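Input: a single structure, listed below in structure tokens.
Read-outs throughout are calculated quantities, based only on the coordinates presented, and are distinct from any laboratory measurement. What you are looking at is a predicted structure, and each value in this text was computed from that prediction instead of being measured. Positions of Cβ are generated from backbone atoms using ideal geometry, with glycine treated the same way; all protein chains shown enter the neighbour counts.
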Amino acid sequence: MSVSSASPARPRTAPVDARRWPDVAGLPRTSPLRTAVAERLVRRALGRLPLRVRLGGGEPVGRGGPFMEVHEPQRFFRRIGHSGLIGFGESYMAGEWEARDLVGVLTVLAENAASLVPGTLQRLRDAWAIPQPAEHRNTVEGAQANVSHHFDLSNELFALFLDETLSYSSALFRGFPAEPQLLAAAQHRRIDRLLDRANVTAGTQLLEIGTGWGELAIRAAQRGARVLTVTLSREQQVLARRRIRRAGLEDRVTVLLRDYRNVLGRYDAIVSGETVEAVGAEFWPDYFMALDRLLAPGGRVALQTITMPHDRMTASRSTHTWIQKYIFPGGMVPSAEAIEQVVGGCTALRVAARDSFGPHYAETLRLWRERFTERAADVGALGFDETFRRMWTFYLAYSEAGFRSGYLDVQQLLLTKDGPGS
């Protein structure tokens with residue numbers, strides 16, 4: 001039996017540490033004025049959106065659409081007054097509001113994100129919004145801690161909702177709606193496209209930045225490549241090595257716990273799946289200069305990355321978000337323009353080809369979310385409490401809504417030093 005089809009039911013896992021996510025039962029301290037301003041703005045915005053929102057048992061407001069029930073409006077407004085959209089997510093974590101169609105509600109909000117706050121108040125964003133915490137900077141030490149926060153939670157947790165390939169990136173389907181039993185094949189389709197872009201064949205010296213649980217490295221080694229793959233997650237390293245060993249590919253794949261800035265050598269090809277987002281905007285030049293340094297003459301870099309519109313990225317670049325606080329500390333989704341600017345300004349690389357497949361990510365996230373929900377009892381049995389389960393439900397739904405609304409996209413890019421081509 002190949003490692004791709006082997007059951008991940010009993011991988012080694014880190015002990016669950018409840019300190020990784022704050023207790024949201026208590027309310028933050030904030031001024032009555034901020035709470036009142038937040039309530040006025042939120043009520044005004046909700047009245048103009050294609051939603052139906054009931055606040056504390058009153059008559060629904062909004063223009064129709066997905067239904068949202070706010071059980072405790074004053075707590076809801078107080079959280080938003082204190083920390084904006086972070087408070088909105090925390091209110092869901094605390095069980096203060098519900099939505100049967102959570103993705104539908106969040107999709108409406110994503111579609112209208114730019115117009116929710118009046119232009120006059122948008123200019124006061126920096127005074128209102130919470131800044132990025134200094135401790136989340138992706139220095140070599142900080143990046144290790146940021147990656148560990150998410151990926152060292154528990155291998156068993158991820159195995160509960162991912163498919164048997166343990167792939168944690170957008171799949172590439174043949175059609176919609178996607179069926180759960182087709183997810184593994186769709187993940188292989190996405191991986192193969194990335195390897196094809198990098199021209200990975202027998203004898204290729206390949207560097208992968210961001211191992212995940214090893215599926216891409218396995219796939220590349222099965223083509224005859226020799227692979228060095230690096231990760232900052234100890235839990236991923238342990239399980240990736242085990243899967244590679246079971247596949248009989250130890251002689252072709254090396255898995256190191258190493259920051260991309262500390263990788264040495266030259267490689268015919270470099271691949272990286274959704275790592276740019278974890279690097280952080282401050283360190284994008286370092287990341288792309290490392291790719292330039294590590295790529296052999298005539299080589300290719302194939303990247304997969306989530307992107308967002310440039311104006312929205314610029315507006316939110318210095319703001320601390322719910323996703324950064326609870327899910328991916330230090331992360332920042334780039335725009336396609338930002339990648340072009342950094343690559344063109346700091347390296348000899350050029351973006352030679354790209355393709356987008358955002359709707360495929362929405363479907364991938366739907367399948368993950370449905371499986372996570374179905375296995376809530378198993379998540380609880382691993383030691384994750386109700387607050388954590390609501391947090392992750394919100395994370396998966398929030399991300400899915402981003403792709404369904406078009407606020408987020410996912411792209412595969414080919415970088416070369418030798419001019420355009422695919």
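Quick notes on this structure:
- According to the Kirkwood relation over distinct C-alpha pairs, the hydrodynamic radius of segment 271-422 is 16.9 Å.
- The dipole here belongs to the chain: it is taken about the Cα centre, uses +1 on the Cβ of Lys and Arg and -1 on the Cβ of Asp and Glu, and is about 180 debye.
- Ordering of 340-347, 140-147 by burial proxy (mean other Cβ atoms within 10 Å per residue, highest first): 140-147, 340-347
- Principal-axis tilt of helix 32-48 within the chain, Cα atoms, nearest 10 degrees: 80 degrees
- Rounded to 10°, Cα long-axis angle of helix 358-374 versus longest principal axis of the chain: 70 degrees
- With respect to the chain, whose longest principal axis is taken over its alpha-carbon atoms, helix 336-346 is tilted by about 50°.
- Among 23-31, 77-85, sorting by the average number of other beta carbon atoms lying within 10 angstrom of each residue, highest first, gives 77-85, 23-31.
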